[in-house]
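Working notes, beginning with the structure itself.
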Amino acid sequence: MYYFLIPLLIGFCSNLASAFTHYYSEKWGRQTGTFITILLRDIFGIPLWAAGFLMAIRESEKLLFNESVLTQIAGWVVISAGGLIIIIALATIRKKAAAPATGDTLVKTGLYSFVRHPIHSGTFLEFVGLFILWPSVTVGIASLIGTIWIVLQSKLEETDLEKRIPGYTEYQISTPQFFPLRIFRKR
């Protein structure tokens with residue numbers, strides 16, 4: 001019962017490594033700092049929290065609302081939208097996504113011209129979609145923890161990005177964090 005929390009929380013904690021790339025690089029050099037980030041986030045963190053979500057789905061018991069064709073379609077549409085956002089964002093920043101390093105340059109094109117963290121926005125959508133598809137307490141808890149992690153991860157990453165990417169502080173002022181609110185405002 002609730003064993004999914006173990007890999008989920010360890011994975012999210014390991015994933016926070018990307019928020020300390022500057023620190024690792026200052027302490028052990030650029031190459032080692034980048035390697036530590038890749039190891040903790042990409043090799044351990046992401047697979048572990050994904051395994052935690054899979055376990056949450058498997059541990060699902062009573063559903064909080066009835067599934068229907070409509071909820072199944074909605075869930076897959078939301079997950080697909082999140083995945084598409086993530087793929088487009090990754091294609092825009094390329095290597096910087098997998099191997100963040102000191103000396104990275106600021107990217108303000110594509111989805112990054114609308115929000116600072118489109119990968120996190122897409123991940124948030126995927127958490128929502130998973131809950132729509134498997135509306136159980138365990139998936140709800142995993143999705144809630146995931147949402148809290150996104151907010152915390154982004155906050156810590158921004159501190160790191162301010163230190164390692166020139167112009168990031170100004171970018172923060174002009175660009176929303178997760179949702180492109182300015183699209184809906186009159187200019």
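The values are calculated or read from the model by the stated rules, or taken from the named source; none is laboratory data. Every value quoted in this text rests on a predicted model; they were computed, and no experiment measured them. Glycine also receives a Cβ, built like all others from the backbone with ideal geometry; neighbour counts cover every protein chain displayed.
Summed over region 141-161, residues that are over 30 Å from Leu63 (Cα atoms) and either touching a His at 6+ places or on another chain (Cβ under 9 Å) or polar (S, T, N, Q) (or both) total 6.
Got a number for residues in region 64-101 being modelled with pLDDT under 90 and of a type in the set (S, T, N, Q)? The qualifying residues number 1. In region 1-58, how many are buried (at least 21 other Cβ atoms within 10 Å of the Cβ) and in contact with a strand residue (DSSP E or B) (Cβ under 9 Å, 6 or more places away or on another chain)? Residues that pass the stated criteria total 1. A search for C-beta distances below 9 Å between a residue of region 9-35 that is under 25 Å from Ile145 (Cβ atoms) and any residue that is among the charged types (D, E, K, R) and part of a loop (DSSP other than H, G, I, E, B), counting only pairs 6+ apart in sequence or on different chains, returns Thr21/Asp104. Which of the residues spanning region 59-95 are part of a loop (DSSP other than H, G, I, E, B) and not hydroxyl-bearing (Ser, Thr, Tyr)? Matches in region 59-95: Glu59, Glu61, Lys62, Leu64, Phe65, Asn66, Glu67, Arg94.
The residue list Thr123, Thr102, Thr138 contains one member that is crowded, with 16+ Cβ neighbours inside 10 Å, part of a helix (DSSP H, G or I), in contact with a Gly (Cβ under 8 Å, 6 or more places away or on another chain) and of a type in the set (S, T, N, Q), which is Thr123.
Of the listed requirements (1) at pLDDT 90 or above; (2) within 17 Å of the chain's Cα centre (by Cα), Gln172 misses just one: (2).
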